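A short write-up of the structure that comes next.
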Amino acid sequence: AHSALLRFLRYANARDARLVLVITGKGRGGEMGVLRRQVPQWLSLPEFRALVVGFEDAHIAHGGEGAIYVRVRRAGK
């Protein structure tokens, strides 16, 4: 999942996307899912910082706690 997310964000950056929605899922039985825990940590790693300006939980209409908005850095910046 780590490498797939990195590829997706590189693709979004190359296409000059400004905002993407990453679906993590909420987890099961009241427990936070693995991707829900890991993705925010990954987005803080050096290989992602070159691509990501910031991130936040998605609006309920876009998945709420099961999704994250990721602001993508402009290509070449």
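The values are calculated or read from the model by the stated rules, or taken from the named source; none is laboratory data. Fair warning: this is a prediction, and the values are worked out from it, not measured in the lab. Reconstructed Cβ throughout: ideal geometry from the backbone, glycine too, with neighbour counts over all protein chains shown. Each accessible area value is taken on the protein alone, full model and side chains, heavy atoms only, with ligands, DNA and RNA left out. Shrake-Rupley method; radii C 1.70, N 1.55, O 1.52, S 1.80 Å.
At 1.4 Å probe radius, can you tell me the per residue accessible area of the chain in Å²?
66
In the stretch 9-77, which chymotrypsin sites (Phe, Trp or Tyr not before Pro) fall in coil by DSSP and have 13 or fewer other Cβ atoms within 10 Å?
Filter output for the stretch 9-77: empty list.
Can you give me the % of accessible surface on the chain that is carbon or sulfur? Probe 1.4 Å, all protein chains present, nothing else counted.
Answer for the chain is 53 percent, counting heavy atoms of protein chains only.
Can you pull the accessible area of Arg49 for me, 1.4 Å probe, Å² to the nearest 10?
Surface open to solvent at Arg49 totals about 130 Å².
Would you list Leu5, Leu45 from the most to the least accessible area, probe 1.4 Å?
Leu45, Leu5
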